[in-house]
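Below is one structure, written out as structure tokens; the observations come after it.
The numbers here are math on the coordinates, done by the rules we state, and not lab data. Keep in mind it's a predicted model, so treat the numbers as computed, not measured. Please note: Cβ atoms are built from the backbone with ideal geometry, for glycine as well, and neighbour counts cover all protein chains shown.
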Amino acid sequence: MLYKCTDCEGTVPACRHRISVGGSLREARVDAVRKGVAPAEVEWLRARFAEHDSPYAVDLQRRAQSGRPREGCTGVVPACTSLVHQRGEFPRVMRLLDMSSEEVTTALPDPGCCGYPLDAAGLRDEFVAHAKRVAKSLEGYGRLAVQGAACAWTLGVRYRELGVRVKPEVLPLVDLL
């Protein structure tokens with residue numbers, strides 16, 4: 001049961017006491033990994049991240065065609081799921097933003113995934129190490145607009161909860177549109 005919840009907070013409104021179970025589930029998953037009782041898919045995910053820095057065997061850097069940080073520029077961070085499964089979506093978003101008065105550039109971190117799957121699976125040590133690399137690679141932008149909801153939450157909230165600081169301000173992409 002630990003791995004069936006996506007931690008979307010959908011149960012909170014249904015709870016009489018408005019209790020969020022996400023944090024407890026994350027800690028239970030970390031405990032399951034440490035005790036060696038996590039599902040086999042968690043080890044598969046660990047191996048995939050060790051090899052590709054994401055859950056995908058795809059060169060995310062090439063797909064995103066990332067720009068360079070510029071002082072005061074907003075870096076637009078694509079969701080790795082979008083780069084893999086909806087290849088035309090992110091370029092359309094960038095063309096739309098190019099028509100605005102906002103100075104933007106693609107800001108794919110290195111590694112190209114925020115690491116949410118590692119955190120969701122209970123791979124805490126791997127997630128924190130991954131998050132530190134991502135945060136360092138995003139330094140230099142004025143702020144970050146993040147395409148994926150899970151990515152925005154991970155970069156803007158979850159990193160901070162685990163002591164990883166992302167220096168530019170993180171906001172959901174919809175805030176620019």
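Tell me which lysines have Cα within less than 22 Å of LYS136's Cα, excluding those fewer than 8 residues away on the same chain? Partners within reach: LYS167.
Helix content alone sets the calculated 222 nm mean residue ellipticity of the chain: runs of n ≥ 4 DSSP H residues at -39500 (n - 2.57) each, divided across all residues, give -11500 deg cm²/dmol.
The angle between the Cα long axis of helix 124-137 and the longest principal axis of the Cα atoms of the chain comes to about 10 degrees, rounded to the nearest 10.
Test of understanding: what is the full-extension gain from ASP125 to ARG165, defined as 0.36 nm times their sequence separation minus their Cα-Cα distance?
Numbers: separation 40, 0.36 × 40 = 14.40 nm, distance 1.61 nm.
Once the chain is fully extended between ASP125 and ARG165, it gains 12.8 nm.
Within the listed set ARG95, ARG165, ARG143, the residue fluctuating most in the Gaussian network model of the chain (springs between alpha-carbon atoms under 10 angstrom) is ARG95. Beyond 18 Å, what share of the Cα-Cα pairs of the stretch 1-55 is found? Please give it as a whole percent. Summing the P(r) of the stretch 1-55 above 18 Å gives 46 percent of all pairs.
Net charge in the neighbourhood of TYR56 (other residues with Cβ under 13 Å of its Cβ; Lys, Arg +1, Asp, Glu -1) is +1. Taking the chain as a Gaussian network of alpha-carbon nodes connected by springs under 10 Å, the highest mean-square fluctuation of the residues LEU83, LEU25, LEU96 belongs to LEU96. Compared with the dominant principal axis of the Cα atoms in the chain, helix 22-35 is inclined by about 70°.
Here the ratio of the Cα radius of gyration of the stretch 61-168 to 2.2 N^0.38 Å is 1.02.
Find out how many positive minus negative residues lie around GLU102, taking Lys and Arg as positive, Asp and Glu as negative, among other residues whose Cβ is under 12 Å from that of GLU102.
Numbers: positive: ARG143; negative: ASP98, GLU103, ASP175.
Residues near GLU102 contribute -2 overall.
Could you check how many percent of all C-alpha pairs in the stretch 1-109 are farther apart than 19 Å? Looking at the stretch 1-109, the distances longer than 19 Å represent 63 percent of pairs.
The length gained on full extension between ASP110 and ASP31, counted as 0.36 nm times the residue separation minus their Cα-Cα distance, comes to 25.6 nm.
If a paramagnetic tag sat 7 Å from the Cα of CYS8 along the Cα-Cβ line, which residues of the stretch 149-177 would have the backbone N under 17 Å from that point? Within reach of a label on CYS8: 149-154.
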